[in-house]
1. So in region 23-52, with the set limited to residues that are within 15 Å of residue 4 (Cβ to Cβ) and of a type in the set (A, V, I, L, M), which one is least open to solvent (accessible area, probe 1.4 Å)?
2. How many of the residues making up region 53-65 are part of a helix (DSSP H, G or I) and either of a type in the set (A, V, I, L, M) or surrounded by 13 or more Cβ atoms within 10 Å (Cβ to Cβ) (or both)?
Amino acid sequence: MLRPAVCQILKNNESTYSLVIAVAKRAREITDDAFEEKVVLDEKPVKTAVDEFANNEYRFIEDPAIRNH
């Protein structure tokens, strides 16, 4: 299990699904950047992405129209 917990990252009644999608997209960016620069990663991209969201280095914005469905 990754730390911090999901409930510690989410604010203002945000969707867990949106967080998962945002973390996956950010992890893919980290992987692609490392591949292009030929860098070996010390920790897994998903852990790095979760830490970035937990530390407010990255944020995701939900579309209110989607939440109403």
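The values are calculated or read from the model by the stated rules, or taken from the named source; none is laboratory data. Remember, predicted model here, so these are calculated numbers, not experimental data. Cβ sites come from the backbone with ideal geometry, for glycine too, and all protein chains shown count toward neighbours. When the accessible area is computed, the model is the full protein with side chains, heavy atoms only, and any ligands, DNA or RNA have been set aside. Shrake-Rupley method; radii C 1.70, N 1.55, O 1.52, S 1.80 Å.
1. 49
2. Of the residues in region 53-65, the ones part of a helix (DSSP H, G or I) are 53-54, 64-65.
Filter once more, so that each one left must be either of a type in the set (A, V, I, L, M) or surrounded by 13 or more Cβ atoms within 10 Å (Cβ to Cβ) (or both): 53-54, 65.
Residues meeting the conditions: 3.
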